[in-house]
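Enquirer: Pasting a structure here, questions to come.
The values are calculated or read from the model by the stated rules, or taken from the named source; none is laboratory data. Being a predicted model, the structure only gives us computed values, none of them experimental. As a convention, Cβ positions derive from the backbone with ideal geometry for all residues, glycine included, and neighbour counts pool all protein chains shown.
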């Protein structure tokens with residue numbers, strides 16, 4: 001997608017750091033997110049990797065414990081339905097979209113659980 005009409009607008013972590021989400025294999029994580037979320041790897045160290053889409057970054061850090069299913073990110077998007085269609089066209093399942101009330105705002109949302117068990121909450125405010 002062109003940067004003048006980005007789909008990803010912001011990312012916030014569930015736990016501590018959206019640039020250090022826990023994974024056990026950096027190569028596998030980078031490859032999956034680049035293929036399925038259409039991200040690009042922008043930085044790598046021995047134990048971290050940073051990916052980007054539409055100037056929005058998420059990152060992964062090697063971990064030796066904890067429960068990745070309790071972590072992930074909330075990603076605000078533009079054109080939620082277009083993003084859901086894009087993901088499904090790549091052959092992976094997303095939850096059915098639904099409407100939620102949060103902090104006095106109405107949001108259209110869907111979830112993706114990645115193979116590393118991290119959960120992503122994609123949302124778009126309904127104006």
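Enquirer: Within region 1-37, work out how many residues are within 18 Å of residue 72 (Cα to Cα) and either touching a strand residue (DSSP E or B) at 6+ places or on another chain (Cβ under 6 Å) or part of a strand (DSSP E or B) (or both).
Expert: Number of matching residues: 17.
Enquirer: I've got another one for you. Can you work out which of the residues in region 117-127 that are part of a loop (DSSP other than H, G, I, E, B) and more than 16 Å from residue 15 (Cα to Cα) is modelled with the highest pLDDT?
Expert: Taking region 117-127 as the starting set, the residues that turn out to be part of a loop (DSSP other than H, G, I, E, B) are 117-118, 126-127.
Now drop any that are not more than 16 Å from residue 15 (Cα to Cα), which leaves 126-127.
Values: 126: 93, 127: 78.
Among those that are part of a loop (DSSP other than H, G, I, E, B) and more than 16 Å from residue 15 (Cα to Cα), it is 126.
Enquirer: Do you know which residues across region 78-106 are under 26 Å from residue 67 (Cβ atoms) and either touching a residue at least 60 places away in the same chain (Cβ under 8 Å) or in a strand (DSSP E or B) (or both)?
Expert: Once the filter is applied, which keeps residues that are under 26 Å from residue 67 (Cβ atoms) and either touching a residue at least 60 places away in the same chain (Cβ under 8 Å) or in a strand (DSSP E or B) (or both), region 78-106 yields 98, 100, 102.
Yes/no matrix, rows are residues, columns are (1) closer than 16 Å to residue 32 by Cβ; (2) more than 12 Å from the chain's Cα centre (by Cα):
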{"site": "59", "(1), (2)": "yes, no"}
{"site": "67", "(1), (2)": "no, yes"}
{"site": "74", "(1), (2)": "no, no"}
{"site": "78", "(1), (2)": "no, yes"}
{"site": "115", "(1), (2)": "yes, yes"}
